[in-house]
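Novice: Got a structure for you, questions after.
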Amino acid sequence: MTDTVPDTTAPAKAPPREALLEVDHVTLRFGGVVALNDVDFTLYKGEILGLIGPNGAGKTTCFNAMTGVYTPTQGEIRFNGQRISGRARHKITQMGIARTFQNIRLFPEMTALENVMVGADAHHKTSVVSALFRLPRFWKEERSGRDRAHDLLRFVGIARPGELARNLSYGEQRRLEIARALATSPTLLCLDEPAAGFNPAEKDSLLQLIRKIRDTGITVLLIEHDMRLVMGVTDRIVVLEFGKKIAEGLPAEVRDNPAVVAAYLGVPTDAA
Amino acid sequence: MNAHIEKVRSRGASMRARWDSMPRQVRWVALLALIVFLYLLPNRWFYINLWYFRTMESDMATVLFETAFFVLLAVGLNVVVGFAGLLDLGYFGFFAVGAYTVALLTSPESRFDIGWPWLAAVPAAVAVTMISGVILGGPTLRLRGDYLAIVTLGFAEMIRLYASRNEGIANGQRGIPQIPHPVPDVKGSDGQSLFGVVDARPYYWLTLTIIIFVILGVRNLTRSRVGRAWVAIREDEDAAQIMGVPTFKYKLWAFAIGAAVGGLSGALFAGKQSFINSDSFQLTNSILVLAAVILGGAGNIYGAVIGAFITWYLPEWVRGIGGALGLEINVAEYRILIFGAVLIVMMIFRPQGILPNRRRAAEFADRRQEAAPTEAST
């Protein structure tokens, strides 16, 4: 598996060093099960960080802790220096963290455009009263939200904004989730296995898309099993196994790390 | 079998597409004509010519009033159940709260005996039901699905039982009589107050007018951030919240708005009947309104209207036809039975309802965008 990764895809520039998200010695227990055990890493502004590890390693749990679904048992997560544990989930989104889901969770009976507009609404202030009486703020925000949604759909490559989300193809649904997350104007975008079920061509275009997103100044956290994609797009990689961080570093370093090879890369991906 | 079901389902979609493809002006004219028709409908000189449409056994104007009133209830419940996806079985509880509020504020027989005019009591009734919606919703909207249904069901029964047992305020089973009719100052051509006992037409016109305003309001809300939040909550509550929707706030709004419309219906009911007691608020009515919403198409305003129309008007019409054929058809006895059968058939052939929730997917701007060639995007 590892020998398929060409060295040339490793990013040339040094990662920037301003901390955006700090996962500070986070432990998360569900009853007797320790899902995260003293996990500690930092995400720097403008980088693409890969989070990898075998199934059940705690990657998605880590995501959920960052987006406020779970509250850490110990330790804390800080975003831009502010503690996010214990805040309402929609408040965390408004702070600038957006995510996609491992199992697609769109609003199937809404159109692609409306799905994205829900994301754009995260920063809107239209109240029930101004929507009821169609006050100027309603028109202004509705127009700007609609324009933004159209722009984002074009950005991720969805050509039919009026189509119901459930009628979109699988690949389009995955990309629509990214557009919806981007609509919340995040500074950090968390992608949970965005390439699952993609063919090589789709993976390549996803890789381009993730780079494009980073180039707009958004920091990206990527959970992914596809090592070619992870090695190709990330600046740094954190490896989890059984809820513990076993390695962290540049893709090339991680790839040669004996612990990572033993835990993850060494075994065939099917079994991982 | 499945292919046939698909065919039946898609026929509705093509009708919808045809309606959408008509020019805006044509649609407005059609809508205006329908409204004029509805206003004319209760007049005898008008409906007498529509022998195939009118009810023959019962007074047309009364049936129309009841239907309109039922439509109003369905439009309100549709906000809660259809858009926000909150299964509220206690809707009639709010209806009762509205009716009792009006009764207590206006009737000389009430304990308070303050004798407000009906018109002044209506905003009070709406406010009180809205507040009761928030009070009930505050703790219970943390529940989901079936649990919410159970709690709201309990609420409606609580209101009804309280009204039937409480002697101090609600007068128990004796109820509250002498609730004044709406606006007594408005006189008809005969010098009598327009809103009397015999003629149901003014009540129908009043209800119809209220329905139009309520529909306009609900339509504005659903085509905004608020409606998107509701549908997002219905589709996937967790995902909605993670996308920045303050879900609790919007669920509470849906609940309060639904309750307010229910309270408004209650106020109308009290003004028309001039007498209420706890028997007016049976659980079956709650279920019937819900059935109407689901039949018509949850999440579509006009679907709810059509569903309510069918649920209330059709049985009366059938009774008339039966009478004309010399059959004695007791609608009240068979309504629920036939309704159950119709619902089962519906769920097989058209689970989304007669007029399904179709968010106005593409407005003109979107159509233009779709038609425009997109640059190579991937």
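The values are calculated or read from the model by the stated rules, or taken from the named source; none is laboratory data. For clarity, every value in this text was computed on a predicted model and none was experimentally measured. Ideal geometry is used to build each Cβ from the backbone, glycine not excepted, and the neighbour counts take in all protein chains shown. For accessibility, only protein heavy atoms count, side chains too; no ligands or nucleic acids. Shrake-Rupley method; radii C 1.70, N 1.55, O 1.52, S 1.80 Å.
Novice: State yes or no: is A:R180 open to solvent by 20 Å² or more (accessible area, probe 1.4 Å), within 11 Å of chain B (Cβ to nearest Cβ), touching a helix residue (DSSP H, G or I) at 6+ places or on another chain (Cβ under 6 Å) and assigned to a helix (DSSP H, G or I)? Give the derivation first.
Specialist: Working: open to solvent by 20 Å² or more (accessible area, probe 1.4 Å): no; within 11 Å of chain B (Cβ to nearest Cβ): yes; touching a helix residue (DSSP H, G or I) at 6+ places or on another chain (Cβ under 6 Å): yes; assigned to a helix (DSSP H, G or I): yes.
When the stated conditions are applied, A:R180 does not pass them.
Novice: Just name the residue that is nearest to the chain's Cα centre (by Cα) out of those in the stretch A:183-201 that are surrounded by fewer than 23 Cβ atoms within 10 Å (Cβ to Cβ) and more than 23 Å from A:V238 (Cβ to Cβ).
Specialist: A:S185
Novice: Okay, next question. Scan (1) open to solvent by less than 50 Å² (accessible area, probe 1.4 Å); (2) in contact (Cβ under 8 Å) with a residue 40 or more places away in the chain for the single condition A:R105 breaks and write down its number.
Specialist: Unmet for A:R105, out of (1) open to solvent by less than 50 Å² (accessible area, probe 1.4 Å); (2) in contact (Cβ under 8 Å) with a residue 40 or more places away in the chain: (1).
Novice: Let me ask something else about it. Can you pull out every residue in the stretch B:237-258 that is of a type in the set (K, R) and either over 19 Å from the mean Cα position of the chain (by Cα) or within 9 Å of chain A (Cβ to nearest Cβ) (or both)? Walk me through how you get there before you give the answer.
Specialist: As a first pass, look at the stretch B:237-258 and keep what is of a type in the set (K, R): B:249, B:251.
Result: B:K249, single match.
Novice: Just checking, which of B:A74, B:A61, B:A30 is in a helix (DSSP H, G or I), among the small types (G, A, S) and out of contact with any helix residue (DSSP H, G or I) (no Cβ under 6 Å at 6 or more places or on another chain)? Lay out the reasoning, then the answer.
Specialist: On the way: B:A74 fails: out of contact with any helix residue (DSSP H, G or I) (no Cβ under 6 Å at 6 or more places or on another chain); B:A61 fails: out of contact with any helix residue (DSSP H, G or I) (no Cβ under 6 Å at 6 or more places or on another chain).
Among B:A74, B:A61, B:A30, only B:A30 is in a helix (DSSP H, G or I), among the small types (G, A, S) and out of contact with any helix residue (DSSP H, G or I) (no Cβ under 6 Å at 6 or more places or on another chain).
Novice: Pick from the stretch A:62-98 the residues that are of a type in the set (K, R) and free of Cβ contacts under 8 Å to residues at least 40 places away in the same chain: which of them is farthest from B:D238 (Cα to Cα)?
Specialist: A:R83
Novice: Within the group A:I97, A:I84, A:I104, which residue is under 19 Å from A:I218 (Cβ atoms) and at pLDDT 90 or above? Spell out how you get there, then give the answer.
Specialist: Values: A:I84 fails: at pLDDT 90 or above; A:I104 fails: under 19 Å from A:I218 (Cβ atoms).
That would be A:I97, the only listed residue that is under 19 Å from A:I218 (Cβ atoms) and at pLDDT 90 or above.
Novice: Looking at A:K140, A:K203, can you tell me which residue is in a helix (DSSP H, G or I), touching a residue at least 24 places away in the same chain (Cβ under 8 Å) and over 30 Å from B:A17 (Cβ atoms)?
Specialist: Working: A:K140 fails: touching a residue at least 24 places away in the same chain (Cβ under 8 Å).
After ruling out the rest, the residue left standing is A:K203.
Novice: Under the condition of being aliphatic (A, V, I, L, M) and at the interface with another protein chain (Cβ under 7 Å from one of its Cβ atoms), which residue from the stretch A:110-137 is farthest from B:N300 (Cα to Cα)? Steps first, please.
Specialist: If we filter the stretch A:110-137 for residues that are aliphatic (A, V, I, L, M), which is where we start, we get A:110, A:112-113, A:116-118, A:120, A:122, A:128-129, A:131-132, A:135.
Those left that are additionally at the interface with another protein chain (Cβ under 7 Å from one of its Cβ atoms): A:110, A:113, A:117-118, A:122, A:128, A:131-132.
On the way: A:M110: 13, A:L113: 19, A:M117: 20, A:V118: 19, A:A122: 25, A:V128: 19, A:A131: 18, A:L132: 17 Å.
It comes out as A:A122.
Novice: Go through the residues of the stretch A:82-95 one by one and say whether even a single one is within 17 Å of B:T247 (Cα to Cα), of a type outside the set (K, R) and more than 14 Å from chain B (Cβ to nearest Cβ).
Specialist: yes
Novice: Give me the pairs, please: first residue somewhere in the stretch A:252-272 and open to solvent by 60 Å² or more (accessible area, probe 1.4 Å), second residue anywhere and modelled with pLDDT of 80 or more and among the acidic types (D, E), beta-carbon distance under 7 Å, and either six or more positions apart or on two chains.
Specialist: none
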